[in-house]
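The values are calculated or read from the model by the stated rules, or taken from the named source; none is laboratory data. Please read all numbers here as calculations on a predicted model, not as lab measurements. Ideal geometry is used to build each Cβ from the backbone, glycine not excepted, and the neighbour counts take in all protein chains shown. Quick note on the areas: whole protein, heavy atoms, side chains included, nothing else; ligands and nucleic acids left out. Shrake-Rupley method; radii C 1.70, N 1.55, O 1.52, S 1.80 Å.
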Amino acid sequence: METTRKLIRKQSLEKLYKLLSETRKIYAPVIAADKQVEYKYNPAFSDITFDHIRSTLSAKNVVFPKVENLFTFTNSKTESTINDIDLNKIPEVILWGAHPCDNAAFDILRSIFCWDITDEFFSKRLEKLVVIGLSCHQSDDYCFCTSVGLAPESSKGSDILLSRLQNGDYHAQILTEKGNSILNMAGELFEPVSAEKELITEVKGKFSHEQVTEKLKTAFENPFWVENSLRCIGCGACAYVCPTCACFDIQDETKGKNGKRYRSWDSCGFGLFTLHTSGHNPREVQSQRWRQRIMHKFSYMPERNESLGCVGCGRCSSGCPVDMNIAEQLEALQKI
Amino acid sequence: MNNLVARAKELLNSNSVQVVIGYETGPTGVARPAFITNSEKADRLIYDERCVQNLAVYLTKHEVRKLGKAAIVATLPVMRSIMMLISEQQIIGENLVVLGISSEGNLLDIADIRVMQGIIEKSDLSNPPEYRELLAALNKMSPEEKFAYWQKELSKCIKCYACRQACPMCYCTRCTVEVNQPQWIPVQANTHGNMEWHILRAMHLAGRCISCGECGRSCPVGIPCHLLTMHLTDKVFNYFKVYAGTSDKMSSVMSTYEPNDKESFII
């Protein structure tokens, strides 16, 4: 679809929000009481932040919830009855005000969840999702989208992309059919583009992801991994805040005769993640798990999924309790 | 902190230790753990008010142990953690050089465990002042209010286990939550499963927590989970008049019985 460019005034955004919230759920970033930026369903428009650099957790929860029920079951003495989840009940959701890095992540998640078999839960949620993205007018030292082939104004993954103008209004790029349906629905709120300058932040390049991918081909046994992961304490924070990490655990929970099977976020940083029934663990120590994290995102995924497993949002680094700074490490890796 | 750098160089050059565990500045300006194995790199070591992480967590980490004998930059919480780890037979005191830091930020001369014990005994071991206000506010709440407070806080938990991994006293190679045959604690990060996890964690640290606050600091979603263990530190002191990490021969309050233990809490 050819991109349509429009102007939407600051005061019209609220009208758009109200109009959309009449028929759909809206998932948008708000500043919580403890100052953390978190995504919430159907927040009051006045609570939504348009000025955050990054939310603590990414927006992936909207297509890959931290807990997803896969089916429920009832056991009797002789048989089990399985009740499927009605996927048609998955609601239409508008992701509102998410930054380009988060929006670019959906395609990466799709490359994992729909690699060979299409994951019904994920793909239904993605199908019902409309993304109204927001270009970044601010960034910090943790941001590195430009090093992974993206930019603060990348339109990838957005159905409509808003960019702040100097006077507080927004330019809107209508990029997809989904975006176009919103334009058609609320046409009176969109005006012809203005000559006002778009406020886009500058994110400095830190490394070349092509060079990193190349370097990783021969770096498996390099002492780099042990040296650079000594301070890693082996928690799952980096994976859980990451917009593209897709590992999950599957569990059954029963109460009496009834139960459910669900999947929930998991992390390759955990010792249990690769523990075999025999007791053998092919990734016995933290350096091997840290290597796996980097290899997966910058070597295995480019090879198998034809995309990097990283969007440069910097959450893994800003959220890490011990400052395992991924951009710093990739910069160093490039030089080994 | 020139003294610290000089001492680290001396220890490494004389091969008295093979690694110095301390702090350095990361690229965004935050202080983070550093593992110095070569005296030429010792200039990276810093010590200032940003250096708050409890480094004792690394003393039981396999890959750090493999580096050889260690010297560790140790503020009061680190010293107390070391005491706990010795008393729980996780480390051997003689195999460690403690580069103690006084509350004023000066390098202390700690020749052995007895010297360190003397320093700990002279210090204020109750929960640090910055947490007391919140603890007092929680204590004033009714049980219903407390439940609502924790329900709200713990609903944010994503089960990344940073609280566990950051804690020097959570050194088990297989945590109860990882025992999955049967699965004792629900894996999913829902409010119910999160509550079970945090209550279990706090109870395992009752009488063992040295009030460093690392669990709360490490939480990526900002849950003040340190208040749970610090509350128990107050409780344990009220009942048994002991603080954790004061001796290398401490027996755990929650797993030992003394005939004169108070039993007023048993209904």
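Some values worked out for this structure:
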{"quantity": "Residue within region B:133-146 that is under 17 Å from the mean Cα position of the chain (by Cα), surrounded by 12 or more Cβ atoms within 10 Å (Cβ to Cβ) and either within 14 Å of chain A (Cβ to nearest Cβ) or not in a helix (DSSP H, G or I) (or both) present", "calculated": "no"}
{"quantity": "Index of the failed condition, B:ASP48 passing every other in (1) farther than 30 Å from A:PHE144 by Cα; (2) touching a strand residue (DSSP E or B) at 6+ places or on another chain (Cβ under 9 Å)", "calculated": "(1)"}
{"quantity": "First in region B:84-99 and open to solvent by 30 Å² or more (accessible area, probe 1.4 Å), second anywhere and β-branched (Val, Ile, Thr), Cβ under 6 Å, 6 or more apart", "calculated": "B:GLN90/B:THR60"}
{"quantity": "Subset of region A:321-336 (residues that are modelled with pLDDT of 95 or more, assigned to a loop (DSSP other than H, G, I, E, B) and touching a helix residue (DSSP H, G or I) at 6+ places or on another chain (Cβ under 6 Å))", "calculated": "A:PRO321, A:ASN325"}
{"quantity": "B:GLU121 within 14 Å of chain A (Cβ to nearest Cβ) and of a type in the set (Asp, Glu)", "calculated": "no"}
{"quantity": "Count of residues meeting criterion [out of contact with any helix residue (DSSP H, G or I) (no Cβ under 8 Å at 6 or more places or on another chain), open to solvent by less than 30 Å² (accessible area, probe 1.4 Å) and either farther than 19 Å from B:LEU76 by Cβ or at pLDDT below 95 (or both)] in region B:27-64", "calculated": "1"}
{"quantity": "Filtered residues of region B:11-26 (kept if in contact (Cβ under 8 Å) with a residue 24 or more places away in the chain and either surrounded by fewer than 16 Cβ atoms within 10 Å (Cβ to Cβ) or assigned to a loop (DSSP other than H, G, I, E, B) (or both))", "calculated": "B:ASN13, B:SER16, B:VAL17, B:GLN18"}
{"quantity": "Residue within region B:164-187 that is over 24 Å from A:ASP323 (Cα atoms), basic (Lys, Arg), open to solvent by 20 Å² or more (accessible area, probe 1.4 Å) and facing chain A (nearest Cβ under 10 Å) present", "calculated": "yes"}
{"quantity": "Single match in B:ILE113, B:ILE120 (criterion: in contact with a Ser or Thr (Cβ under 7 Å, 6 or more places away or on another chain), in contact (Cβ under 8 Å) with a residue 40 or more places away in the chain and either surrounded by 13 or more Cβ atoms within 10 Å (Cβ to Cβ) or among the β-branched types (Val, Ile, Thr) (or both))", "calculated": "B:ILE120"}
{"quantity": "Residues of region B:147-163 satisfying the condition of being more than 12 Å from chain A (Cβ to nearest Cβ) and open to solvent by less than 50 Å² (accessible area, probe 1.4 Å)", "calculated": "B:TRP150, B:LEU154"}
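Every residue, every condition in (1) more than 30 Å from B:PRO224 (Cβ to Cβ); (2) open to solvent by less than 40 Å² (accessible area, probe 1.4 Å), yes or no:
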residue	(1), (2)
A:GLU2	yes, no
A:TYR17	yes, yes
A:ILE48	no, yes
A:PRO65	no, yes
A:THR72	yes, no
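Okay, residues lined up against (1) of a type in the set (A, V, I, L, M, F, W, C); (2) away from chain B (no Cβ under 14 Å); (3) open to solvent by 10 Å² or more (accessible area, probe 1.4 Å); (4) within 21 Å of A:GLU221 (Cα to Cα):
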residue	(1), (2), (3), (4)
A:PHE248	yes, no, yes, no
A:ASP252	no, no, yes, no
A:ASP266	no, no, yes, no
A:HIS280	no, yes, yes, yes
A:GLN288	no, no, yes, yes
A:VAL322	yes, no, no, no
